[in-house]
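The values are calculated or read from the model by the stated rules, or taken from the named source; none is laboratory data. Given the structure is predicted, the values throughout are model-derived calculations rather than measurements. Cβ: placed from backbone, ideal geometry, glycine included. Neighbour counts: every protein chain shown. Each accessible area value is taken on the protein alone, full model and side chains, heavy atoms only, with ligands, DNA and RNA left out. Shrake-Rupley method; radii C 1.70, N 1.55, O 1.52, S 1.80 Å.
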Amino acid sequence: MDFTILTDYFDVYLEGFRGTVLSSLLALVGSFLLGALIAVFRIAPVRVLRWFGTGYVEFIRNIPLLLVVYIFYYGPSALGLPLDGFTAGTIGLAVYTSSFIAEAIRAGILAIPKGQTEAARSSGLSYAQTMLHIILPQAIKLVIPPLGNQFINLIKNSSVLTIVAGLDLMYFADIVNTETYRTFDTYLFVALFYLVLTLPLSYGVRVWERRLERRY
Amino acid sequence: MKKRWRLISIAAVCALAVLAGCANNGTGGNTAGEGGNAAPAAGESGAGALGKIKDRGKLVVGVKYDTKLFGLKDPASGNVEGFDIDISKAIAKHIFGDEKALELKEVTSKTRIPMLNNGEIDMIVATMTITEERKKEVDFSDVYFQAGQSLLVKKGSPITGIESLTADSTVLGSKGSTSVKNIREKVEGIKVLEFDNYQDAFNALKAGQGDTLTTDDAILYGMAAQDPNFEVVGKPFTDEPYGIAVQKGNGDIVQAVNDTLKELHDSGEYDKIYEKWIGKKPGE
Amino acid sequence: MDFAGAYSAENLSFLAEGLVVTLIVAGASIVLSFLIGCVVGIIRYTQLPVLSPILLAGVELIRNLPLLLIIFFMRFALPEIGINLGLVAATVTGLTIFEAAMIAEIVRGGLASIEKGQIEAARSSGLGSLQTLWHIVLPQGLRRMVPPLVSQFISLLKDTSLAVVISLPELMHHAGIVIGHGYTYTIPILLLVALIYFSVNFVLSVISRRLETRHV
C-alpha cells in the first residue's frame, strides 16, 4: 500500500469527506421530517392522505436512487431553476430515504397499543396533538435502530452524488485517481474514510437494539 | 413447497449459465492481459504483443461511445461511428487485411488507462492527448490528429473566449482529461466541475450547471453539430496532439500503428477520413 | 419536452436492450447472493468457533461500504493485483458480494427469531443439532425471511443502475445515451425509465405478498 497517496492528497480526500458528511447530515434531517410526515399520512383518518402516503412510498421505494437524483438534477433545470449537483443529490437522497423512514416510523407507531390513542382522544386531545405528544415520542424510541440503519445507508448512498459532480468523497477520489493512476490504493483509502463514518454508527445501532430487546 | 424449490433451482442453473458466459468474456480479457504483460519478455517467444493479437484473430480497441465525430453510439443502428473508429478499422486492416477483425469497447477519459493496463483492450483510440505525464503510464504512437482546447457556450453567452473567464466562472469538463488541468492553470481559482464522460458534461451544460464546457475543439464542434443552440467560441488556446496509446513496452504494436498512419497519409486515405468527419481538409 | 421524439421506435428498442442487461445482471446476482448469503447466514447463526467471527468481520466490513465503491473497485482496482473480471462479471461480483452480506444478516436474523423452546423440544425428542436446523429452524426461518428478502432483491435490481459508473450498457446507461441525443427527451425518458423500474419491482413485491399470505 502506498501511503504517500493518502498524505499527498489528504486535502482532496478531506474536501470530499466534508461533502459526504454535509450531504448525509442534511439529507438525514430532510428525510426524517419528510418521512415522519408521510408516516402520519399513511395512518391518518383521512382517505386522501392515506392514498397519497401509500402512493409516495410505493413509487419512491421501487425506483433507483440514481433516477431520483436525476429527476431533481434535470427536472428543475427544464423549468429554468437549475439545482447544482450537490443540492440536487442531497434532495434526491432525502426524498429517496424518506420513503424507507416513513415505513419504519409507521411500523413504530402501529406498535404502540391502540388504547393509548383512544385514551388521549377521549381526554380531549386532537388527532394531531395525540400523534405529536403521545404516540410519536414513544414510537421514536422503537424506530431508532431502523433509523440508524437508514442513516448508514444514507451515508453509503451519498456516493451517487459523484455522478452529478456533487463534490462528495467518490467525486474527489476520482480526481485523485486520474492523477495517481493507482486505482487500488486510491479507493482503498476512500473505503477507510467511509468506514470511519459507518462502522461506529453500526456499532451504536447494535447496542441500542440489544437495549430494546432487554427491555421488552 | 416442492414446486417452489424446483423453480428456484431452475433459476439457479440459468444464472450459473449466464455467469459462465460472463466468465468466458472475462477470460477473453485475460488472454489479452497476458499478451500485454508478457510483452517485455517478447524476445523469448518471438511472437510479442502483436503476435498475441494475431493469434487471437481480432484487434480490441477502446473508443469513446459518447463523442460525436470521433466515437458515437447510434441508438438506432447500435453502431459506433466516427473518426477514431475509421482509424481503428484501418489499423485492423493493416494487421489482418480485414477491417472487420475489430472489437470496440467503450472507454471514457477516466477508464481508458486502467482498461489498457488491465489488458482488456490492445490500444486506446479515444481523443487522447499525448502528454509527458501519460507517457509514464503508456506508450504513444505518432500524432494522428491535431486538436486544440476551446470553449463551448450557449448561443448569446457573454463568454467570447478564454479571456472572458474569471474566478467566478464555472467550467464543465470530463474527469481525467487534460483540458480540466489546463483551464485550472490558465484561470486561477476558476470553479471546475468534472463528469464521468462528455455526455454527462454536455447534459450538465444544457441543464445550466455551468457557464461553459471545455475540451478539445474537435469534440466541441461535434457537440455544436448535435445541438444548434450551442457554439464554439474563441481561438484554441492549447495544442492537443492526439496519439494512440498502447501498454508500455509494446513497441511492435506502436510500430504497426505508425506504419498504418504512414500508409493512410501516403494513399490520401487519411485526408478522406478527416474530411468525412471534420468537414474540411487537414490544415485548412 | 418532446414525448413523441423521445418515445420513437429506435429509442424504445434501445431502452429495451438496456432493460435486458439490467434483468440478466440482476437475475444472476439475486440467485448467487441468495445462495452465498444463506450459507454465510447459517454459519453466522451456528456460531462455529473460528469461521463465524471471521464471517462476522467480513459481513460488517462489506455492509458498511458504498456499493458504488465496491463495483468500481471490482472493475478497476482488482486488475492491479492480477484479478481481471470482465465488465459484466465485475458488476455481478460486486452486486453479489454486497447483497450477500445483506442477505446473510437477514438469514441469521430469521433463524435467530425461532423460539428457543422449539429447538430445545426438538433436541430433547432426539434430533441432532443439524437435523434440528434442517427440519425445524430453517423451514420456519425461511418463511419469516420472505418479506425482507424480497425487498433486498428489489434493492438489488435498483442497485444495478450504479453500474453506470463502469459503463455497463444497462437501462440507466442507455437512458443517458438517448438523452444525449436530444436534450428535450430528458423528462419523458426519465419518466419512462421510472415507470419501467417501478413496474418490474411492483410485480416482485406483489409476488412476495402472495407468498406471505399463502403461508401465514
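Dipole magnitude for region C:3-214: computed about the Cα centre from +1 point charges on Lys and Arg Cβ and -1 point charges on Asp and Glu Cβ, it is near 660 debye.
Computed with a 1.4 Å probe over protein heavy atoms only, the accessible surface of region A:100-200 comes to 37 Å² per residue. Per residue of A:187-193, count partner chain C-beta atoms within 10 Å of its C-beta, then hand back the mean as an integer. Average per residue, whole number: 3. The angle separating the long axis of helix C:186-215 from the principal Cα axis of greatest extent in chain C is about 20 degrees. When the solvent-accessible area of region A:3-215 is split by element, carbon and sulfur atoms take up 67 percent of it, the probe being 1.4 Å.
Could you tell me whether region B:149-238 comes out rounded, prolate or oblate from its Cα gyration tensor? Rule is a ≥ b ≥ c as square roots of the eigenvalues, rounded for a/c under 1.5, then prolate if a/b exceeds b/c, otherwise oblate. Because its axes are fairly even, with a/c under 1.5, region B:149-238 counts as rounded. Share of carbon and sulfur in the accessible area of region C:3-214 stands at 71%, probe radius 1.4 Å. Annotation: C:D2 carries an accessible surface of approximately 60 Å², with a 1.4 Å probe and no ligand, DNA or RNA atoms counted.
Positive contributions from Lys and Arg (+1) and negative ones from Asp and Glu (-1), summed over other residues with Cβ under 15 Å from the Cβ of A:L161, come out at -4. Based on Cα contacts under 8 Å between residues 6+ apart, region A:1-120 shows a relative contact order of 34 percent.
Every helix of 4 or more DSSP H residues in the protein assembly as shown counts as -39500 (n - 2.57), and over all residues that averages to -21500 deg cm²/dmol at 222 nm. For region C:1-101, the alpha-carbon coordinates run over 63, 31, 22 Å along the three principal axes, in decreasing order.
Rounded, prolate or oblate: pick one for chain C, where a ≥ b ≥ c are the square roots of the eigenvalues of its C-alpha gyration tensor, a/c under 1.5 means rounded, and failing that, prolate if a/b is larger than b/c, else oblate. Judged from the Cα gyration tensor, chain C comes out oblate (a/c at least 1.5, b/c at or above a/b). Using only the C-alpha atoms, the convex hull of region B:35-175 corresponds to 144 Å³ per residue. Estimated at the nearest 10 Å², the accessible area of C:M74 is 20 Å² with a 1.4 Å probe. In terms of the mean number of neighbouring beta-carbon atoms within 10 Å, the peptides A:38-50, C:91-103 order highest first as C:91-103, A:38-50. For the segment C:11-19, counting C-beta atoms of other chains within 10 Å of every residue's C-beta and taking the mean gives 2. Peptide B:203-212 is shielded by partner chain Cβ atoms: per residue, an average of 6 of them sit within 10 Å of its Cβ. A straight line joining the Cα centroids of region B:255-276 and region B:47-104 runs 15 Å. Rounded to the nearest 10 degrees, the inclination of helix C:51-63 to the longest alpha-carbon principal axis of chain C is 30 degrees. Residues in region B:88-143 average 35 Å² of solvent-accessible surface per residue, probe 1.4 Å, ligands and nucleic acids excluded.
Relative contact order for region B:149-238: 45 percent, from Cα pairs under 8 Å spaced at least 6 residues apart, divided by residue count. Ranked by the mean number of other Cβ atoms within 10 Å per residue, highest first, peptides A:166-175, B:182-191, C:188-197 order as A:166-175, C:188-197, B:182-191. Between C:I207 and C:S124, the contour length at 0.36 nm per residue exceeds the Cα-Cα span by 26.1 nm.
What shape does the protein assembly as shown take by its C-alpha gyration tensor, where a ≥ b ≥ c are the square roots of the eigenvalues and a/c under 1.5 counts as rounded, a/b above b/c as prolate, and the rest as oblate? The shape class here is prolate.
For chain C, the longest principal axis of the alpha carbon atoms and the long axis of helix C:138-159 meet at an angle near 20°.
Eigen-decomposition of the gyration tensor built on the alpha-carbon atoms of region C:127-216 gives equivalent ellipsoid semi-axes of 41, 16, 6 angstrom, largest listed first. Protection proxy ranking of B:107-120, C:40-53, by the mean of other Cβ atoms within 10 Å over each peptide's residues and highest first, is B:107-120, C:40-53.
May I ask which of B:K58/B:K272; B:K68/B:K272; B:K175/B:K272; B:K68/B:K186; B:K135/B:K191 have a Cα-Cα span longer than 20 Å here? Check vs 20 Å cut-off fails for B:K58/B:K272; B:K175/B:K272; B:K68/B:K186; B:K135/B:K191.
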